[in-house]
Amino acid sequence: MKTSSIFGVATLVAGIIILCAQVTVAQTPEQISAAKDLLAKVPAADLGGKAAQLVANAPAKEKAAVAAAVAHTVAVINPDVASAAVSAIALRTPVVAPAAAAAAASKLPGSASAIAVAAASVPGVLAGEVRTAVIAAVPRQAAQIVSALSRAKLTSSRGPITADPFAAKSGALAGVANPGVL
């Protein structure tokens with residue numbers, strides 16, 4: 001049991017480091033400036049759709065970087081639609097949802113929980129990856145993020161979100177009727 005717990009911690013730390021490096025490197029000033037130029041003229045009601053379109057049209061290798069830059073820009077231009085934009089990006093390109101959510105949350109730490117839930121609620125998005133990415137971006141909001149995700153009805157995500165990311169591995173939830181609800 002101790003070996004699996006140590007392995008789980010090592011895996012989580014490695015994932016956070018890799019994700020942080022991707023999100024940090026992904027948001028170059030040039031990308032943010034280009035996204036700002038493209039999105040500055042878009043009406044608030046269309047920001048989510050335009051953001052999702054920009055990410056979908058990006059080359060495959062750059063989708064995560066573009067998603068992070070676009071989500072960052074939307075959060076700066078119009079914070080009120082950041083969650084909707086992250087959700088729209090996730091709907092169009094689910095694999096980049098963690099990068100988009102982390103970038104938006106880093107600009108709007110008070111809304112990190114809402115942004116994480118918006119991204120994790122999209123079909124095909126791995127809620128655990130969103131949780132890890134957003135917590136890495138806004139570590140002081142970790143408890144609120146985990147709480148919001150554990151309360152959310154994440155039927156579209158593969159696997160439950162637990163308050164303790166290692167609880168399922170350690171067997172702490174064995175015998176619990178519904179481990180996704182805390």
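The values are calculated or read from the model by the stated rules, or taken from the named source; none is laboratory data. Treat the numbers as computed from the prediction; the structure is a model and nothing was measured. Positions of Cβ are backbone-derived with ideal geometry, glycine not excepted, and every protein chain shown enters the neighbour counts.
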* Would you point out which residue out of 40, 58, 69 is under 17 Å from residue 137 (Cα atoms) and at pLDDT below 95? => 69
* Candidates 100, 88, 104, 116 - the one that is over 19 Å from residue 42 (Cβ atoms), touching a helix residue (DSSP H, G or I) at 6+ places or on another chain (Cβ under 8 Å) and at pLDDT 95 or above -> 116
* Could you please let me know if residue 140 is among the charged types (D, E, K, R) and modelled with pLDDT of 95 or more? => yes
* How about the stretch 29-74: which of its residues are exposed (fewer than 12 other Cβ atoms within 10 Å of the Cβ), assigned to a loop (DSSP other than H, G, I, E, B) and not small (Gly, Ala, Ser)? -> 41, 43, 59
* Asked: Considering 79, 29, which residue is modelled with pLDDT of 95 or more and more than 15 Å from the chain's Cα centre (by Cα)?
  -> 79
